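**Student:** One structure is given below, represented as structure tokens, and several questions about it will come after.
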Amino acid sequence: MDPQQWLDDFQRRIGDMAEKSASLQEELAGANATASSPDGTVVVTVSPTGALLDLDLGKRITECSPTRIKQMILDVAGQAQRQAAHQVAEVFAPYGGDTEAMRLINRHLPPDDDEPESVFTAAPEDSDPAPSAASSPSSPSAASSPSTRPRPESRPDDEEETDEDERPW
């Protein structure tokens, strides 16, 4: 092969790869995903990596308990993250073809659940789980998950902290 022909072919292939790379980057950047609860109370948008970009809470959120709000957010975020992962795989597929990289991506995709069993299938009456025997009536936060630490008592001069009871949700 003529050296000039080889160089021209090499430069053409580099140009093609640069175009494909730019196109892939652009498509991946647009692979955000948005999911919402069935009633639209919680709407979550995530990036292609699954990072939270936006969280919208509808007016009906005030009717829900803190436990239900937490679970709704986690469920909807999980839905959006699954959607984003599948979108990323779809975007990469034309470039990855039948390569080990594409097989690796496909092996690590989360299951494509339409709607996981969650608070969305719970009864309309919203209630927190019953407090455990170890919790005392004077400490409502003790009934929440074990990872929740009790809130320290606020000091009168500590005005920047907002009391949880003052929050609308």
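What follows is calculated from the coordinates using simple rules that are stated; it is not laboratory data. Not measured: the values here are computed from a predicted model.
**Student:** Would you please give the residues with an amide H less than 5 Å from that of Val42, counting only those at least 5 places away or on a separate chain, with H modeled from the backbone geometry?
**Tutor:** Distant-sequence amide H within range of Val42: Ser37, Gly58.
**Student:** OK, next. How high is the relative contact order of the stretch 14-108, in percent, with contacts defined as C-alpha pairs under 8 Å that are six or more residues apart?
**Tutor:** Here the relative contact order equals 27 percent.
**Student:** Follow-up. If you take the Cα atoms of the stretch 32-81, find Rg, then find the Kirkwood Rh from the mean of 1/r over all pairs, what is Rg/Rh?
**Tutor:** A ratio of 0.97.
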